[in-house]
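Data first, discussion second: the structure below is written as structure tokens.
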Amino acid sequence: MTIDNNDLLNSILTSLDRVRFISPEDIPNIDLYMDQITTFMDSHLHSTARNPGEDKILTKTMINNYAKNDLLPPPVKKKYSKEHVLLLIFIYYYKGILSISDIQKLLGPITERFFKNGEAFNLESVYREAFGMAENQMQALKADVREKYAAAQKTFTDASEGDADFLRKFAFICTLSFDVYLKKLMIEKMIDELRAPGKADVKKKNSKTDKPEE
């Protein structure tokens, strides 16, 4: 069954509505064991998975890999704090577009400065500011998606009726992909700037920082 173009756009916009910001208030104030962490992440982020109910948001192997690669401070007596959960949420969103080593360089200074720092402005404060700004971008993102979709619908005017529908979907995907590509380049450039002389740097560990997750 071929999905109607308008239904496709509505489906995409509806999927964006399912993206939920995890509020710090949603995170338990008690330390959690690993199984409790994976359950919490699955329950709050399963709607963002490509195949909800099948894809795991977070596994024990992933958590162990993050700890080995210096993305996550070690647990205390096998228990993880609220700050650990906040870092795991950052990692979850970054890992789809950045390498493990880039995430390490980005989060390293944040962890060093704000993880359990005992100050009023702490990791939770950083999290609130960063995700609060991201939330405010949702309407702008929807408008951008609509604009790209409308532009794609005007392409391939010379194609046959049988090919035009597929090719316009292809053009829409290409436009979205190019947007992601350019933004990824900008993010990588900014991460490289973090390593410039005089900027914060993260100590490298003797580990395979780009090891694939399991």
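FYI, it's all coordinate maths here, none of it is from the lab. Everything numeric here is computed off the predicted structure, so don't read it as measured data. Cβ atoms come from the backbone with ideal geometry, glycine included; neighbour counts cover every protein chain shown.
Computed over the chain, the per-residue total of -39500 (n - 2.57) for DSSP H runs of n ≥ 4 gives a 222 nm mean residue ellipticity of -19000 deg cm²/dmol, rounded to 500. Here is the list for segment 9-94: GluC sites (Glu not before Pro) lying in DSSP coil, each with at most 14 other C-beta atoms within 10 angstrom of its C-beta, are E54. In summary, segment 53-140 shows an alpha-carbon radius of gyration equal to 1.13 times the 2.2 N^0.38 Å reference for compact globular proteins. A crude spin-label estimate for the pair A140 and F170, with each label 7 Å from Cα along the Cβ direction, gives 3.3 nm.
Charge dipole of segment 1-117 (Cα centre as origin; +1 on each Lys and Arg Cβ, -1 on each Asp and Glu Cβ, all else neutral): 580 debye, rounded to the nearest 20.
Taking the Cβ-Cβ separation of I30 and M190 as r and a Förster radius of 45 Å, what is the calculated FRET efficiency to the nearest 0.05? Please report the intermediate quantities before stating the final value.
Working: r = 36 Å, r/R0 = 0.79.
The pair I30/M190 has a calculated efficiency of 0.80.
Counting Cα-Cα pairs of segment 1-98 in 5 Å increments starting at 0 gives whole-percent bin shares of 2, 11, 21, 22, 16, 10, 6, 5, 4, 2, 0.
Taking the charge dipole of the chain about its Cα centre, with +1 at Lys and Arg Cβ atoms and -1 at Asp and Glu Cβ atoms, the residue from A164, A143, H84 reaching farthest to the positive side is H84.
Relative contact order, whole percent, for the chain stands at 23, derived from Cα pairs under 8 Å and 6 or more residues apart. In order along segment 115-123, the phi-based Karplus estimate (6.51 cos²θ - 1.76 cosθ + 1.60, θ = phi - 60°) of 3J(HN,Hα) comes to 6, 6, 7, x, 10, 5, 8, 10, 4 Hz; Gly and Pro are listed as x. Quick check for you: which residues of segment 14-57 have the amide N under 14 Å from the point 7 Å beyond the Cα of S125 toward its beta carbon? So the set is empty, nothing qualifies. When the chain is treated as a GNM with alpha-carbon contacts under 10 Å, the residue of D70, D42, D165 showing the greatest mean-square fluctuation is D165. The Stokes-Einstein estimate for segment 106-150, based on a Kirkwood radius over Cα pairs and taken at 4 °C with 1.567 mPa s viscosity, is a diffusion coefficient of 103 µm²/s.
If the only charges are +1 at each Lys and Arg Cβ and -1 at each Asp and Glu Cβ, what is the size of the charge dipole of the chain around the Cα centre, to the nearest 20 debye?
Numbers: 31 positive and 32 negative charges, 191 e Å.
My answer is approximately 920 debye.
On average over all directions, what projected area in square nanometres does the chain have, based on the convex hull of its Cα atoms? Before the final figure, lay out each step's value.
Details: hull surface 59.2 nm².
About 14.8 nm², averaged over all directions.
For T157 and E54, what is the calculated FRET efficiency with R₀ set at 45 Å and r taken between the beta-carbons, to the nearest 0.05? Working from the Cβ atoms, E equals 0.70.
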